[in-house]
Amino acid sequence: MRFRRISTGQKRGFRLGSGLPMIARSILVSLLSASLLPGATALKDLAAYTQGMEALDSRLWEIAESRFEEALKTPDLTAADQRILRLKQLETWIRGDRSAEAMARLNEATWENDPETYFWKAQALAGLGRYREAAEALAPAISNDKAAHRSEALLTRASLQLSLNEQDAAFETLEVLTKVGEAKSVRQARLRQAAILIDQGKSKEPRKILPDAKSLPAEDQPEQAFLHARLLLAEGKSAEAVSAFSILLDQPQGQSLLRYHSAIVGLADALAASEGTAAAADSLLAAVQKHPDSPLLEAIFRRLQQWIPDQPAPNDAILERLAQWSPASQTPPTGLIPTIGSGATGAWPTAEKKEGSDLNAFALFTRAIGLHRQPTPTAKAEAVRLLTRLRIEHPDHFLAAKALMQWGKWLLEEGHADRALSALSAVRQNAGSPLIQGESAFIEARAEFDRGNPAAAAALFEQAASLLPAGNGDLAALNSALIRLQSGPVIAAAPSNPERDARIQADLELERALSDPVAESSFAALRKFISNHPQSKRIAEARLAAAEAGIAGYPADLEFALEQIRTITSDPGMKAAVPVERLELARLHIADQSPQPSEAIELSRQFLAEHGNSPEAADASMILGRSLFRNKDYHDARLVLEKLAASAPDDRRAPAALMLAAQAAALGATAQSLEESLILFGNVASGSSGLAPLARLQRASLLTKLYRFDATISELQPWFKSMATNDPLRIPAGRQLAQALFAQGGTKPGAYKEALSIYDQLLVSAAGQPSLLDQLRYLRGMTLELLPRTDGAPGKRTREALETYYAVLQSAAIKPPTDWEDCELCGFRAVKLLEEAGRWEAAISTANKIASFKGPRAEEAAARAKQLRLEHMIWEE
C-alpha cells in the first residue's frame with residue numbers, strides 16, 4: 001500500500017543507500033502499534049473490541065476495522081471509549097490503504113482540536129501518495145516542543161523527504177532530532193544522516209558522524225556495521241569491504257531481511273571492485289541459489305545482466321545457471337473427470353503467483369538478454385522464445401511488459417518496424433493473458449450421473465465418490481462409472497407361472513429370483529434357492545446367475561461369485577449345463593475388478609479368440625478396452641473401444657466405449673489424437689445416453705487444454721444460462737465456464753467480472769454444502785485477486801479476496817470442516833496475499849491460525865510461520 005512506500009521504498013530498484021528509510025519504517029510501525037491511547041480497560045470485556053485488537057496485532061486491517069465498527073454500535077459507550085475506538089478505526093484505515101476515508105474523518109470538527117490530529121493527518125496524506133503535503137503536515141514537530149509523538153514525527157518527516165529525493169532537507173530534519181530527541185532517537189538520527197551522506201557519494205563526512213560500534217547498543221550495531229562496510233567500499237577499500245560485508249552475512253541475528261540482502265549485494269559490488277566481475281557474479285549466483293525469494297532480485301539480476309560479456313560463450317557460467325532457474329515448463333495431463341488441480345484453472349493459465357516465480361521471471365529475462373548478445377541466429381531466436389515464455393508464464397510480473405518492449409526494440413534493430421510498433425503498442429495498453437496454472441474444482445459424480453435410471457446412477461456415483469479421494473481422480477471415477485453402466489440384469493427373466501403344481505415349485509422359485517427387478521432382493525433370493533435346493537436340476541443355472549448378481553451388486557460380493565464359478569467348473573455336469581461363454585464372462589468380470597488389469601487383459605483376449613461371434617463378445621471387448629486403458633496401453637485401448645462402438649452404435653455399451661476411447665485419445669498427447677478426442681467426446685455429447693452431459697463437460701475441458709477458451713465459453717455459456725437453478729449439473733457446468741472465463745481474463749474484457757458473477761450464483765446454489773462452499777469461495781477469491789478495484793483506485797480487489805479466504809478460516813474456527821483441503825487452500829492463499837503485500841506479521845498470524853486447526857497441513861502452516869519469522873527476522877517476544 002502507499003503508506004508503506006514512504007518508508008520502505010520500492011522493492012525493485014532498491015539502492016544500498018535506502019537503508020535509511022528502511023529503518024524509519026520500523027520506528028513508524030512501532031508507533032502505530034503502540035501509540036493509541038491508554039484507557040481501553042472499559043473496553044477489554046467487549047468481544048468485538050478484543051477481536052479487533054487481535055486482528056490489528058495480526059495486521060489484518062480490514063478484519064480489525066469491521067470489529068471496531070461493530071464495537072462502536074455498543075450502547076452506552078463513554079466519549080473516551082468512542083474516541084479510542086474511532087482512533088483504532090482510523091489506524092486500520094490508514095494501514096489498510098483507506099487513507100482517503102481517514103483524511104475525511106480527520107477533517108471533521110470532532111478532531112479539529114485533538115493534539116494527535118496533525119500526526120494522523122500526515123500518515124493519511126502519505127498513504128494517499130501526497131508525500132510533500134504529509135511532510136509539511138509534520139512541520140509542527142520541528143519547533144513545537146509539545147507536539148505529540150515528536151521524535152516519531154521527525155523520523156517520519158525525514159523519510160518522506162527522502163522519498164521526495166530531498167536528501168538535504170531530510171538531513172536537516174534529522175539534525176533537529178539529534179538536538180531534541182532522547183538518546184535512542186539521537187543514535188538513529190545519526191545513522192540515518194550517515195546513510196544520506198553515503199548515498200550522496202561522500203566518504204569523509206559520513207565517517208565523521210557515523211557512531212563508533214562500541215558506543216552503540218546491540219540493537220543498532222548491525223546498521224552501523226552495514227554503513228561501515230558501505231563506507232569502506234566508497235573509500236576504495238574494496239578488500240576490507242569484502243571482509244566487512246562477509247561478517248554481516250555470517251551474523252544474521254538482529255538484522256532486518258532487507259539489510260541482510262543488501263549486504264549480499266554490497267559484497268558482490270565489493271568483489272567486483274577487488275577481484276573482478278566473474279567473482280562477483282559467482283557470489284550473486286550462489287546467493288540466489290540459497291535465497292531464491294530475495295527481496296532484491298531486481299538489483300541482483302541487474303548486476304548479472306551487466307556482468308554477462310558482450311559476446312558470451314555458449315557455456316558462460318551465468319547463462320548456464322540462469323538456464324537452471326528457467327527450465328522448460330511442462331503441462332500435466334488432464335484427466336477425464338477434473339479433480340482439484342486439473343480443470344481450466346488447474347491445468348490452464350491463471351494469474352496466480354507460483355512459488356519461485358519471481359526468480360523464474362528474472363532468469364528468463366536476463367538469460368534472453370545474454371543469449372541475444374551471442375552472434376548466432378539460433379541464439380537470437382532462443383532469446384525471443386524466452387521473452388515469449390516470460391510473457392506467457394508471468395503475465396502479471398512487471399518484467400512481462402518489459403519483455404514485450406525488449407522484443408519490440410530487437411524488431412526495430414532488425415528492420416521489422418510494423419511488428420515492433422505492434423509489440424510496443426501492446427505494452428502501452430498493458431495487454432497480456434494470465435497463463436499460470438491454477439486449480440480447478442472436481443465434478444461431483446452423484447450430481448453428474450443423477451439422470452435416467454436412478455438406482456444405477458446412484459450406485460455409479462457413490463462408487464466414483466468413494467474412489468476420487470483415494471487419489472485416482474479422473475481415471476478411477478471413469479472406470480467406476482463404466483462398470484456401473486454395464487451393470488443390471490444379465491439375463492432376461494422368464495415370466496412366472498402361478499399355475500404350476502408343487503412338482504415344479506422349485507423352478508418357480510428360481511424364476512421369481514431371476515425376474516426380480518430389484519438387484520438386492522434378486523441376489524438374496526438366488527442365494528436362498530441355492531441353499532434350499534442344492535440338488536435342483538437347475539442348480540448350475542442358479543449358481544451362475546447368483547455369481548453374476550454378486551459381481552453386479554453394490555457392493556460387489558466377488559468372493560461369493562468366485563466360489564460359485566469354482567463350484568460349477570469343478571463339476572462336469574454343472575459345467576455342461578450352462579453356456580460356457582457366460583461362465584467365462586463371469587470370470588472375466590471378476591478379473592475386471594482386480595486392482596491389476598493384466599489378468600483381465602489375458603482373459604478377455606482369450607474369450608474374444610474363442611467366442612468372438614457370441615452375444616457376450618461386446619462385453620469382453622469393453623473389458624479388454626478398459627483394462628488396456630488401466631494398463632496405460634492407450635493406443636491399443638482406443639482401437640478396441642472404437643471398434644466396439646462402430647460395430648454396434650445403438651448398443652448400450654457404445655457411449656461408454658466412445659467415452660473411454662476419447663479419454664485414451666486425449667492421453668495420447670499428439671496433436672492428431674487430441675483433435676480426434678474432441679470428435680469422440682462430441683459424438684457422445686450429441687447423443688441421448690446418460691454419459692452425454694459428462695462428455696459435454698469433458699469436451700469443454702479438452703478445449704481448454706488446447707487453449708481454445710473461446711470455444712469452451714461458446715459451448716458452455718448458453719447451456720449454463722438455460723439450466724434451472726436446481727439442475728444438478730448447473731454447479732459443475734458453471735464452474736467450468738467460470739474457469740474458462742477466468743483463463744481469458746487478461747484478453748477478454750469483462751471475463752473476470754462474468755466469472756465472478758457465476759461464482760456468486762453458484763454460492764447461492766451450494767447453500768448447505770459446506771465443502772462445496774469452501775471450494776467456490778476459494779475460486780471466487782482467486783478471481784477477485786485479478787479484478788480491478790471498483791472504486792476507481794489502482795490495484796486489484798485483493799482486500800475482498802482476503803476477506804473471502806479469511807471468512808472460510810473463521811467459519812472453520814466455529815465448526816471444523818469435514819474436508820480440510822479447500823479450507824486450508826483458502827488459508828494458505830490468504831497467507832500468500834499477505835506475504836505479497838509485505839504484511840509479514842499478519843501472514844505469520846494467519847499461518848498460525850491454520851496450524852491451530854490441527855488439519856492435514858497444520859505442520860506445513862506452522863513451519864511456514866516459523867520460516868517467515870526467520871526469513872524476515874521477526875523475532876518472537
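The values are calculated or read from the model by the stated rules, or taken from the named source; none is laboratory data. Nothing here was measured: the structure is a model prediction, and the numbers come from that model. Note: ideal-geometry Cβ built from the backbone for every residue, glycine included; neighbour counts use all protein chains shown. Heads up: the accessible areas ignore ligands, DNA and RNA and are worked out on the full protein's heavy atoms, side chains in. Shrake-Rupley method; radii C 1.70, N 1.55, O 1.52, S 1.80 Å.
Taking R543 as the residue in question, decide whether it is of a type outside the set (F, W, Y) and open to solvent by 40 Å² or more (accessible area, probe 1.4 Å). Judged against the criteria, R543 is a match.
Taken across the stretch 275-282, residues that are more than 29 Å from S326 (Cα to Cα) and surrounded by 16 or more Cβ atoms within 10 Å (Cβ to Cβ) do not occur at all. One residue stands out in the stretch 27-70 among those that are closer than 26 Å to S185 by Cβ, assigned to a helix (DSSP H, G or I) and open to solvent by 60 Å² or more (accessible area, probe 1.4 Å): the one that is modelled with the lowest pLDDT, namely S30. Has the stretch 251-261 got any residue that is farther than 27 Å from K184 by Cβ, open to solvent by 40 Å² or more (accessible area, probe 1.4 Å), part of a loop (DSSP other than H, G, I, E, B) and touching a helix residue (DSSP H, G or I) at 6+ places or on another chain (Cβ under 9 Å)? Looking for residues that are farther than 27 Å from K184 by Cβ, open to solvent by 40 Å² or more (accessible area, probe 1.4 Å), part of a loop (DSSP other than H, G, I, E, B) and touching a helix residue (DSSP H, G or I) at 6+ places or on another chain (Cβ under 9 Å), one finds none in the stretch 251-261, hence no. Residue-level analysis places I94 among those that are in contact with a Gly (Cβ under 6 Å, 6 or more places away or on another chain), within 24 Å of T790 (Cα to Cα), open to solvent by less than 50 Å² (accessible area, probe 1.4 Å) and in a helix (DSSP H, G or I).
Restricting to the stretch 711-727, give me the number of residues that are within 27 Å of the chain's Cα centre (by Cα) and either over 15 Å from L697 (Cα atoms) or in contact (Cβ under 8 Å) with a residue 24 or more places away in the chain (or both).
4
Every residue in the stretch 610-626 that is surrounded by fewer than 17 Cβ atoms within 10 Å (Cβ to Cβ) and acidic (D, E), please. Selection gives E610 alone. Against the numbered list (1) of a type in the set (D, E, K, R); (2) under 21 Å from L603 (Cα atoms); (3) surrounded by 16 or more Cβ atoms within 10 Å (Cβ to Cβ), E676 comes up short only at (2).
Of the candidates L741, L644, the single residue that is of a type in the set (A, V, I, L, M), over 30 Å from A767 (Cα atoms) and part of a helix (DSSP H, G or I) is L644. Being part of a helix (DSSP H, G or I), over 24 Å from S604 (Cβ atoms) and either among the β-branched types (V, I, T) or modelled with pLDDT of 90 or more (or both) is not true of A540.
Report whether or not G181 is open to solvent by 10 Å² or more (accessible area, probe 1.4 Å) and at positive phi.
The answer is no for G181.
For beta carbons closer than 7 Å, sequence separation of 6+ or different chains, a first residue in the stretch 684-710 that is within 23 Å of A671 (Cα to Cα) and a second that is of a type in the set (K, R) and part of a helix (DSSP H, G or I), the qualifying pairs are A685/R696; A685/R699. Has the stretch 628-645 got any residue that is touching a residue at least 40 places away in the same chain (Cβ under 8 Å) and over 33 Å from the mean Cα position of the chain (by Cα)? No, every residue in the stretch 628-645 fails to be touching a residue at least 40 places away in the same chain (Cβ under 8 Å) and over 33 Å from the mean Cα position of the chain (by Cα).
Against the conditions (1) at pLDDT 90 or above; (2) open to solvent by 20 Å² or more (accessible area, probe 1.4 Å); (3) within 50 Å of the chain's Cα centre (by Cα), A556 satisfies every one except (1).
If you check Q593 against the conditions, is it within 27 Å of G612 (Cα to Cα), polar (S, T, N, Q), open to solvent by 50 Å² or more (accessible area, probe 1.4 Å) and at pLDDT 85 or above? So Q593 passes the test. Annotation: of all residues in the stretch 239-250 being of a type outside the set (V, I, T) and open to solvent by 20 Å² or more (accessible area, probe 1.4 Å), the one that is nearest to the chain's Cα centre (by Cα) is L249.
Taking each residue of the stretch 233-249 that is of a type in the set (V, I, T) and looking for partners that are part of a helix (DSSP H, G or I) and surrounded by fewer than 18 Cβ atoms within 10 Å (Cβ to Cβ) with beta-carbon atoms closer than 9 Å, six or more apart or interchain, yields V242/A273; V242/S274. Looking across A766, A740, A751, one residue alone is over 23 Å from G690 (Cα atoms), of a type in the set (A, V, I, L, M), touching a Gly at 6+ places or on another chain (Cβ under 8 Å) and modelled with pLDDT of 85 or more. It is A751. Total residues in the stretch 111-127 satisfying the condition of being open to solvent by 50 Å² or more (accessible area, probe 1.4 Å) and in contact (Cβ under 8 Å) with a residue 24 or more places away in the chain: the figure is 1. Identify all residues within the stretch 851-867 that are free of Cβ contacts under 8 Å to residues at least 24 places away in the same chain and buried (at least 18 other Cβ atoms within 10 Å of the Cβ); write none if there are none. Passing the criteria: A851, A865. The residues of the stretch 147-178 that are basic (K, R) and surrounded by fewer than 24 Cβ atoms within 10 Å (Cβ to Cβ) amount to a single one, R150.
In this entry, E675 is excluded by the filter for residues that are out of contact with any Gly (no Cβ under 9 Å at 6 or more places or on another chain), within 30 Å of Q564 (Cβ to Cβ) and among the acidic types (D, E).
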